[in-house]
1. If you scan region 79-110, which residues turn out to be open to solvent by 10 Å² or more (accessible area, probe 1.4 Å), part of a helix (DSSP H, G or I) and not aliphatic (A, V, I, L, M)?
2. Has region 151-158 got any residue that is part of a loop (DSSP other than H, G, I, E, B) and open to solvent by less than 50 Å² (accessible area, probe 1.4 Å)?
3. Starting from region 198-211, take each residue that is under 23 Å from Lys59 (Cβ atoms) and aliphatic (A, V, I, L, M) and list its partners that are at pLDDT 90 or above and in a helix (DSSP H, G or I), counting only C-beta distances under 6 angstrom and pairs at least six apart or across chains.
4. For region 175-185: of the residues being among the aliphatic types (A, V, I, L, M) and in a loop (DSSP other than H, G, I, E, B), which is surrounded by the fewest Cβ atoms within 10 Å (Cβ to Cβ)?
5. Say we look at region 191-211 and pick out the residues that are in a loop (DSSP other than H, G, I, E, B) and surrounded by 10 or more Cβ atoms within 10 Å (Cβ to Cβ); which of these is modelled with the lowest pLDDT?
6. Mind checking which residues of region 51-73 are open to solvent by 20 Å² or more (accessible area, probe 1.4 Å) and part of a strand (DSSP E or B)?
7. If you check Tyr132, Tyr125, which single one turns out to be out of contact with any Gly (no Cβ under 7 Å at 6 or more places or on another chain), open to solvent by 80 Å² or more (accessible area, probe 1.4 Å) and among the hydroxyl-bearing types (Ser, Thr, Tyr)?
8. Would you confirm whether any residue within region 83-92 is in contact with an Asp or Glu (Cβ under 9 Å, 6 or more places away or on another chain) and more than 16 Å from Thr169 (Cα to Cα)?
Amino acid sequence: LDKFLLRKQGKTWDSVPVPYFGATDLDPYAFKLFREKAEKKRRIDPELLKENDDVLINKLRLREGDYLKRAAALLFAKEPMKYVMGSMIKIGYFKSNTELIYQDVIEGNLFEQVDKVMELIFTKYLSAFITYEGIQRVESFPISELAFREALINAVVHTDYSISGTPITVSIFDDRIEIENNAVLLGALTLEDLKVGGISKLRNPVIGRIF
């Protein structure tokens with residue numbers, strides 16, 4: 001019913017304002033992280049990044065009237081879980097589908113979650129192959145870091161945060177990695193459409209645009 005009403009209003013879940021979430025709940029570290037990433041990507045006016053956090057929030061269209069949007073809670077809140085239960089990522093190393101060896105639970109703002117998962121995957125969960133070029137030691141992983149990051153960000157951007165208490169999961173096996181969120185395909189989109197490519201539908205367009 002909630003999703004139906006939002007569609008009728010032309011809204012998405014992440015664009016809805018949160019009455020009990022204010023400026024004092026925002027995390028300066030999250031803004032610092034965003035500025036560092038935005039500066040590296042060079043896709044935002046450098047002058048905008050020099051503005052204070054309040055101006056940045058407005059320029060990123062994360063405010064509606066007097067209230068901040070749900071997207072702001074996930075991206076810039078000190079405690080995102082306080083506003084969106086289940087907004088976390090679980091990593092597990094499995095010997096089989098039922099045999100979990102060890103795991104980690106990653107919380108924090110969405111930028112922070114992606115960075116922490118990347119670090120853990122490539123320092124704790126995956127073993128690098130060691131080769132030598134002359135006397136130079138070369139480490140290479142069984143998967144591309146760029147490809148993994150892209151898949152992880154897709155899972156974060158497209159998950160259905162309206163389903164409370166359902167984290168994104170990253171399952172590491174000896175022969176594969178599985179990244180799973182709780183989302184289903186949007187509208188009439190099919191798996192065949194995805195294989196063809198060229199179609200982009202965002203479940204959380206505010207979060208997706210900022211990422």
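1. Selection gives Lys82 alone.
2. no
3. If the second residue must be at pLDDT 90 or above and in a helix (DSSP H, G or I), the pairs left are Leu202/Gly208; Val206/Asp14; Val206/Ser15; Val206/Ala71; Ile207/Asp14; Ile207/Ala71; Ile207/Val157.
4. Only one residue tops the list, namely Val184.
5. Ile199
6. As a first pass, look at region 51-73 and keep what is open to solvent by 20 Å² or more (accessible area, probe 1.4 Å): 51-55, 58-59, 61, 63-67, 69-70.
Within region 51-73, Arg63, Glu64, Tyr67, Lys69 meet the criteria.
7. That would be Tyr132, the only listed residue that is out of contact with any Gly (no Cβ under 7 Å at 6 or more places or on another chain), open to solvent by 80 Å² or more (accessible area, probe 1.4 Å) and among the hydroxyl-bearing types (Ser, Thr, Tyr).
8. The answer is yes; a qualifying residue exists.
The values are calculated or read from the model by the stated rules, or taken from the named source; none is laboratory data. What you are looking at is a predicted structure, and each value in this text was computed from that prediction instead of being measured. Positions of Cβ are generated from backbone atoms using ideal geometry, with glycine treated the same way; all protein chains shown enter the neighbour counts. The protein model used for the area step is the full one, side chains on, heavy atoms only, and it has no ligands, DNA or RNA in it. Shrake-Rupley method; radii C 1.70, N 1.55, O 1.52, S 1.80 Å.
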